[in-house]
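The values are calculated or read from the model by the stated rules, or taken from the named source; none is laboratory data. Note that this is a predicted model, so its numbers are computed, not measured. Note that each Cβ is placed from the backbone with ideal geometry, even for glycine, and that neighbours are counted across all protein chains shown. For the accessible areas, the whole protein counts, side chains as well, though only heavy atoms, and no ligand, DNA or RNA atoms are used. Shrake-Rupley method; radii C 1.70, N 1.55, O 1.52, S 1.80 Å.
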Amino acid sequence: MYTYTNAHAIFATLLLGLSLLLGACGQYRAVEPALIQDSSPVTLTYVSPDSSVFTEAESAAIEQFTQLAPNVEIDRQPFQRSAAAYLEDTPPPDVIWMAGNLEIREAAAAGLLADLSDVWQAGNFSEAYSQPFQDISRIDGAFRFVPAGFSWTGFFYNREVFERYGLTPPASWEEFEHICDTLLTHGETPLSLSAQNPFFTVLWFEYLNLRLNGSAFHQDLAAGRVSFHDERVGRVWHYLISLLDRDYFVESPGDMSETESMTALIRGDAESPLTRKKAVMTLAPHFSFNQQPQAFADELDFFQFPQMDPTIPLDEVSIVTGYVIPAGAPNRSQAGAFIRFMGSAEAQALQFKQVSDDESNVWMIPAHRDVDRSALSPVAAKGDRAVRNANSISPPLLFDLPAGMREGFNQVVGRLFPTISARIQVTEIQSLLEEARQAAIEKGELAR
């Protein structure tokens, strides 16, 4: 029996209320009608998120596909359980929307995903998608995933406060520390953090690890091939704890929610403060930014997590979403034509036309390199460049680890920001996480 994590369930909660931005106008022809018009009438079952904005945007592309393939009908069904659970159905759906993380790699290892190399060749996707997206899509020597869009993460900051103290976005870690020290000198708290939600605290570990040790080490660590007792892991935690010790963060981050962490940056609310704690910067995924009213979002800008070692590329953490075909899909040929179209620039442009003009309301940026990005806001364009210029993309750790290892990180976060007891030390952190890794190995959850 294929054992899957519930990472999809965690990820699915992030979709509600968010929108999908996939490009701009233009004419593309990734699917030749003649290739799919000759088939007998077929109904494809396609499972994807149940979000009104998502479905409305996607409906335009689906409608266009059915015009190109009049003998194919799309039965779009919302998720009722994890994507991995659908893969074991008999028969499974024809197409499933998934994210490129542990869940998809486990499914491929279990033989539950179709080889999509023919789709990639027919759609010329090796030219359409940059190398990091190809690396995510190629599993066990074959393409098994077609990317559609990606998220972005970095530092959001209050632009006016930076200008007040003559600060500019940092390119190096030394410049970042200088900004923090300058803000402290002027009585400003540099950083907010939602430690109520471990996802946000673990982002700090992920980026510090990427910047100090590189993406290859980071991916080996996520895959369980490296001990958490490794001195390189200890160095990462020492860096994070040093930021706490230097009072760079708000007091009691464990009391701060995701929303409060972002609204702590807003200054246009002096008469009626949104939060009792104020800060100037926060490390967050862009869907936290999207949830802000436009007036608040206008106060903020974005910069990439700065470089710490000039020999290590600026790689990124990103959620990459797209399409898979189950190995047992009843209508493999037609399903291949469908995701070939959905992965095209034309389909992404069609979806864009259904999206609100609200510039802050950007959920996923298109993975297809031929999509016109001029519609992106300046803030989103910076996130887009950060991810597309990366040599490697890693999924968020809490979407890429077995349940036991995720719980290990959750425990660490809880003890980093205690209310009564002393803060956990680095050696304790390493021991706790290594115990979780060993337990996952014993259960066969890290045999990859």
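Which one is nearest to residue 391 (Cα to Cα), of the residues in segment 317-343 that are buried (at least 22 other Cβ atoms within 10 Å of the Cβ) and of a type in the set (Ser, Thr, Tyr)?
318
Taking residue 67 and the conditions (1) at pLDDT 90 or above; (2) surrounded by fewer than 16 Cβ atoms within 10 Å (Cβ to Cβ); (3) in contact with a Pro (Cβ under 8 Å, 6 or more places away or on another chain), which numbered condition does it fall short on, given that it satisfies the others?
(3)
Scan segment 407-447 for residues that are charged (D, E, K, R) and at pLDDT 95 or above and jot them down.
Going residue by residue through segment 407-447, those that are charged (D, E, K, R) are 407, 415, 423, 428, 434-435, 437, 442-443, 445.
Selection gives 428, 434, 435, 437.
State all residues of segment 175-207 that are among the acidic types (Asp, Glu) and either open to solvent by less than 10 Å² (accessible area, probe 1.4 Å) or over 27 Å from the mean Cα position of the chain (by Cα) (or both); if no residue qualifies, say none. Before the answer, list the steps.
If we filter segment 175-207 for residues that are among the acidic types (Asp, Glu), which is where we start, we get 175, 177, 181, 188, 206.
Across segment 175-207, the qualifying residues are 181, 188, 206.
Name every residue in segment 406-419 that is farther than 25 Å from residue 286 by Cα, open to solvent by less than 50 Å² (accessible area, probe 1.4 Å) and part of a helix (DSSP H, G or I), in order of residue number.
Selection gives 408 alone.
Within segment 212-249, how many residues are under 23 Å from residue 178 (Cβ atoms), open to solvent by 10 Å² or more (accessible area, probe 1.4 Å) and in contact with a strand residue (DSSP E or B) (Cβ under 7 Å, 6 or more places away or on another chain)?
Of the residues in segment 212-249, 1 are under 23 Å from residue 178 (Cβ atoms), open to solvent by 10 Å² or more (accessible area, probe 1.4 Å) and in contact with a strand residue (DSSP E or B) (Cβ under 7 Å, 6 or more places away or on another chain).
Among the residues that make up segment 322-344, is at least one of them in contact with a His (Cβ under 9 Å, 6 or more places away or on another chain) and at pLDDT 90 or above?
Filtering segment 322-344 down to residues in contact with a His (Cβ under 9 Å, 6 or more places away or on another chain) leaves 343-344.
Add one more test, that the residue is at pLDDT 90 or above, and what stays is 343-344.
Scanning segment 322-344 turns up at least one residue that is in contact with a His (Cβ under 9 Å, 6 or more places away or on another chain) and at pLDDT 90 or above.
Just to be sure, is residue 150 within 17 Å of the chain's Cα centre (by Cα), under 23 Å from residue 244 (Cβ atoms) and crowded, with 24+ Cβ neighbours inside 10 Å?
In short, no.
Which pairs turn up if I take residues in segment 69-81 that are touching a residue at least 40 places away in the same chain (Cβ under 8 Å) and within 10 Å of residue 50 (Cα to Cα) and look for partners that are surrounded by 16 or more Cβ atoms within 10 Å (Cβ to Cβ) and hydroxyl-bearing (Ser, Thr, Tyr) with beta carbon separation below 9 Å, at least 6 apart in sequence or on another chain?
Here the result reads 79/48; 79/86, each pair linking segment 69-81 to a residue that is surrounded by 16 or more Cβ atoms within 10 Å (Cβ to Cβ) and hydroxyl-bearing (Ser, Thr, Tyr).
Suppose the filter is at pLDDT below 95, out of contact with any His (no Cβ under 6 Å at 6 or more places or on another chain) and either open to solvent by 20 Å² or more (accessible area, probe 1.4 Å) or closer than 24 Å to residue 392 by Cα (or both); does residue 121 pass it?
Working: at pLDDT below 95: no; out of contact with any His (no Cβ under 6 Å at 6 or more places or on another chain): yes; either open to solvent by 20 Å² or more (accessible area, probe 1.4 Å) or closer than 24 Å to residue 392 by Cα (or both): yes.
It is false that residue 121 is at pLDDT below 95, out of contact with any His (no Cβ under 6 Å at 6 or more places or on another chain) and either open to solvent by 20 Å² or more (accessible area, probe 1.4 Å) or closer than 24 Å to residue 392 by Cα (or both).
Does segment 306-320 contain at least one residue that is under 17 Å from residue 120 (Cβ atoms) and part of a helix (DSSP H, G or I)? Before the answer, list the steps.
So the first thing to find is which residues in segment 306-320 are under 17 Å from residue 120 (Cβ atoms), and the list is 320.
Those still in the list that are part of a helix (DSSP H, G or I) too: none.
No, there is no match, as no residue in segment 306-320 is under 17 Å from residue 120 (Cβ atoms) and part of a helix (DSSP H, G or I).
So residue 163 ticks every box in (1) under 27 Å from the mean Cα position of the chain (by Cα); (2) at negative phi; (3) acidic (Asp, Glu); (4) open to solvent by 60 Å² or more (accessible area, probe 1.4 Å) but one. Which box is left unticked?
(1)
Look at residue 134 and say whether it is more than 24 Å from residue 446 (Cβ to Cβ), under 23 Å from the mean Cα position of the chain (by Cα) and assigned to a loop (DSSP other than H, G, I, E, B).
Details: more than 24 Å from residue 446 (Cβ to Cβ): yes; under 23 Å from the mean Cα position of the chain (by Cα): yes; assigned to a loop (DSSP other than H, G, I, E, B): no.
No, not satisfied.
So which residues in segment 70-93 are modelled with pLDDT under 90 and in a loop (DSSP other than H, G, I, E, B)? Don't jump to the end; show me each part of the working.
Step one: list which residues in segment 70-93 are modelled with pLDDT under 90, which gives 82-84.
82 - this is the single residue of segment 70-93 that is modelled with pLDDT under 90 and in a loop (DSSP other than H, G, I, E, B).
Looking at the structure I just gave you, is residue 267 over 19 Å from residue 410 (Cα atoms), open to solvent by 10 Å² or more (accessible area, probe 1.4 Å), touching a residue at least 24 places away in the same chain (Cβ under 8 Å) and touching a strand residue (DSSP E or B) at 6+ places or on another chain (Cβ under 9 Å)?
Details: over 19 Å from residue 410 (Cα atoms): yes; open to solvent by 10 Å² or more (accessible area, probe 1.4 Å): yes; touching a residue at least 24 places away in the same chain (Cβ under 8 Å): yes; touching a strand residue (DSSP E or B) at 6+ places or on another chain (Cβ under 9 Å): yes.
So residue 267 passes the test.
Only one residue in 376, 314, 350 is modelled with pLDDT under 95, under 21 Å from the mean Cα position of the chain (by Cα) and open to solvent by 10 Å² or more (accessible area, probe 1.4 Å). Which one?
Working: 314 fails: modelled with pLDDT under 95; 350 fails: under 21 Å from the mean Cα position of the chain (by Cα).
Among 376, 314, 350, only 376 is modelled with pLDDT under 95, under 21 Å from the mean Cα position of the chain (by Cα) and open to solvent by 10 Å² or more (accessible area, probe 1.4 Å).
Within segment 179-218, which residues are at pLDDT below 95, in a helix (DSSP H, G or I) and not aromatic (Phe, Trp, Tyr)?
If the condition is that a residue be at pLDDT below 95, in a helix (DSSP H, G or I) and not aromatic (Phe, Trp, Tyr), then 198, 201 are the ones that fit.
Report, ordered by the first and then the second residue, all pairs with beta carbons closer than 9 Å, sequence separation of six or more or different chains, a first member in segment 425-448 that is assigned to a helix (DSSP H, G or I) and among the β-branched types (Val, Ile, Thr), and a second member that is surrounded by fewer than 14 Cβ atoms within 10 Å (Cβ to Cβ) and modelled with pLDDT under 95.
Note: pairs meeting the criteria are 441/447.
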